[in-house]
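Below: one structure, written as structure tokens.
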Amino acid sequence: MPDQHPSPKPRYPQRPQLVAPVRIDSSGRNGPTPGQARGPGWRRTSKGFYVPSSVDTESVEQRIVEAATVLPAYGGVTGWAALHWLGGRWFTGTGWGGVRTLPVCLATGGCDIRPQAGITVSAERLSPLDLQEVDGLMVTTAVRSLCFEMRYAPTPRLAVVWLEMAAYDDLVSIDEAEAYAALHSGWTGIPQGRAPTLLADENSWSPREVVMRQVWIEDAGLPRPLCNAPIFDLQGRHIGTPDLFDPVAGVVGEYDGALHLQGARRSRDVVREERFRSHGLEYVTMLGGDVPDPGPFIRRLLRAYDRAASASSSPRSWTLEQPDWWVDTSTVARRRQLTEEDRAIWLRHRVGRAA
């Protein structure tokens, strides 16, 4: 007869699929016996803690709760993991582009605990005001979690991506990030944590859009484009909302990831491009392969600017002036004012658009 072992009860009310790790229990009532822990029925999550082997190892949230098990009495999950727990869509536990798995960081306020596989520890000072319990888990606030990731980002450009993706889900506004950084001027990396507030936009819809804008401005040396600005014809009909748009030059920029190559999606993109071109707007696309080597995209972008300059004498048949029926969702403040019904209507196009 196979070993019987308990199934730990869910500890996170709104996420019942998650399983909290337990310690070895010689009685077998509250955890595996020593023999069971050595067998195939249980998986070790960290030193002294186990979950049944059937628990999903691919779940980002399960990985977070397994790491959080080793938190001391005072502390919380921070960084990308806290932002994910708080509802951040783009904080998936991988580096931007999915090339590596990020460890879960625990903020301990100086309490001495050791890092373990998949877990790092931040012993920086931790105010009680920066801690909150969300659905059974202690996490640092969104702005504190974001500031941590921006300060320790591998590059300044990635720090901007962190801020804009936190703004995507209205977790943190640029003003809130700036105010928090100003209050913690002595922290390690704070210059990098503060700089993105001068460069960021609250209306980027994906990490790749941020990268494309950075290449547009910093590498190509072109004027800063608008992010996801809706364009209308002169009768107030919506032409489209491009990822990037230079209204002075009349150049539209779009990022096309792998999803854009699929049949129905590709057809919609072709129709969309034609709508922009029919109103005299030049169109340029950044592809996934342009991210590690942006040279080809820069050349296409500069040619688009040249073509737009040649056609600049044509009268405009488009406008950025929003008609009365349109709802502006370009800032964190405006989006926070939306009802859930309005969010479902006016933010629906953001999901998956630039993945």
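Are there chymotrypsin sites (Phe, Trp or Tyr not before Pro) in region 4-88 that DSSP puts in a loop and that have at most 14 other Cβ atoms within 10 Å, and which ones?
74
Please identify the chymotrypsin sites (Phe, Trp or Tyr not before Pro) of region 296-328 that satisfy two criteria: DSSP loop assignment and at most 11 other Cβ atoms within 10 Å. Which are they?
Sites meeting the loop and neighbour criteria: 325.
Return the distance in nm (one decimal) between the two label points of a simple spin-label model at residue 341 and residue 319, each offset 7 Å from Cα along Cα→Cβ.
It works out to 2.9 nm between the two label points.
Between the DSSP loop rule and a limit of at most 14 other Cβ atoms within 10 Å, which trypsin sites (Lys or Arg not before Pro) in region 29-75 are left?
Here the trypsin sites (Lys or Arg not before Pro) that fit, given the DSSP loop and packing criteria, are 29, 38, 47.
For region 306-355, what is the accessible area per residue in Å², given a 1.4 Å probe and the full set of protein chains?
The answer is 69 Å² per residue.
Convert each backbone phi in region 242-249 into a coupling constant with the Karplus relation 6.51 cos²θ - 1.76 cosθ + 1.60 (shift: θ = phi - 60°), then list the ³J(HN,Hα) values in order as whole Hz, x for Gly and Pro.
x, 4, 9, 8, 9, x, 6, 7
Give me a comma-separated list of calculated 3J(HN,Hα) values for region 37-47, in order, Karplus coefficients 6.51, -1.76, 1.60 applied at θ = phi - 60°, integers in Hz, x for any Gly or Pro.
4, 7, x, x, x, 10, 10, 6, 9, 6, 4
If I ignore ligands, DNA and RNA and count only protein heavy atoms, how much of residue 101 is accessible to a 1.4 Å probe, in Å² to the nearest 10?
100 Å²
Treating the Cα atoms of region 112-189 as identical point scatterers in vacuum, please give the log10 of the normalised Debye intensity I(q)/I(0) at q = 0.12, 0.13 Å⁻¹, two decimals.
-0.37, -0.44
Taking the full set of protein chains and a 1.4 angstrom probe, give the accessible area of residue 349 in square angstrom, rounded to the nearest 10.
110 Å²
Which percentage, to the nearest 5, of the DSSP beta bridges contained in region 46-152 is antiparallel?
Percent antiparallel among DSSP bridges in region 46-152 is about 65.
Specify which residue in the list 162, 338, 68 is farthest towards the positive end of the charge dipole of the chain, using unit charges on the beta carbon of Lys, Arg (+1) and Asp, Glu (-1), about the Cα centre.
Result: 68.
When DSSP beta bridges are limited to those with both residues in the chain, what percentage is antiparallel, rounded to the nearest 5?
Among the beta bridges of the chain, antiparallel pairing accounts for roughly 70 percent.
Rounded to the nearest 10 Å², what accessible area does residue 234 have for a 1.4 Å probe in the complete protein model?
About 110 Å², rounded to the nearest 10.
Ignoring any ligand, DNA or RNA, what whole percent of the accessible area of the chain comes from carbon and sulfur when the probe is 1.4 angstrom?
Reported share for carbon and sulfur atoms: 54 percent.
Would you mind getting the accessible area per residue of region 100-230, heavy atoms of the protein chains only, 1.4 Å probe, in Å²?
Using a 1.4 Å probe on heavy atoms only, each residue of region 100-230 averages 40 Å².
In terms of modelled amide H atoms, which long-range or inter-chain residues lie less than 5 Å from the amide H of residue 283?
252
So, in Å, what gap is there between the alpha-carbon centers of region 29-55 and region 163-207?
Using only Cα atoms to place each centre, the spacing works out to 41 Å.
Please list the non-local residues whose amide H lies under 5 Å from the amide H of residue 131, H modeled 1.01 Å from N, same-chain partners needing a gap of 5 or more.
Here 141 satisfy the definition.
The values are calculated or read from the model by the stated rules, or taken from the named source; none is laboratory data. Being a predicted model, the structure only gives us computed values, none of them experimental. No Cβ is skipped: glycine too gets one built from the backbone with ideal geometry, and neighbour counts run over all protein chains shown. Just so you know, the surface numbers come from the protein's heavy atoms only, side chains and all, with ligands and any DNA or RNA stripped out. Shrake-Rupley method; radii C 1.70, N 1.55, O 1.52, S 1.80 Å.
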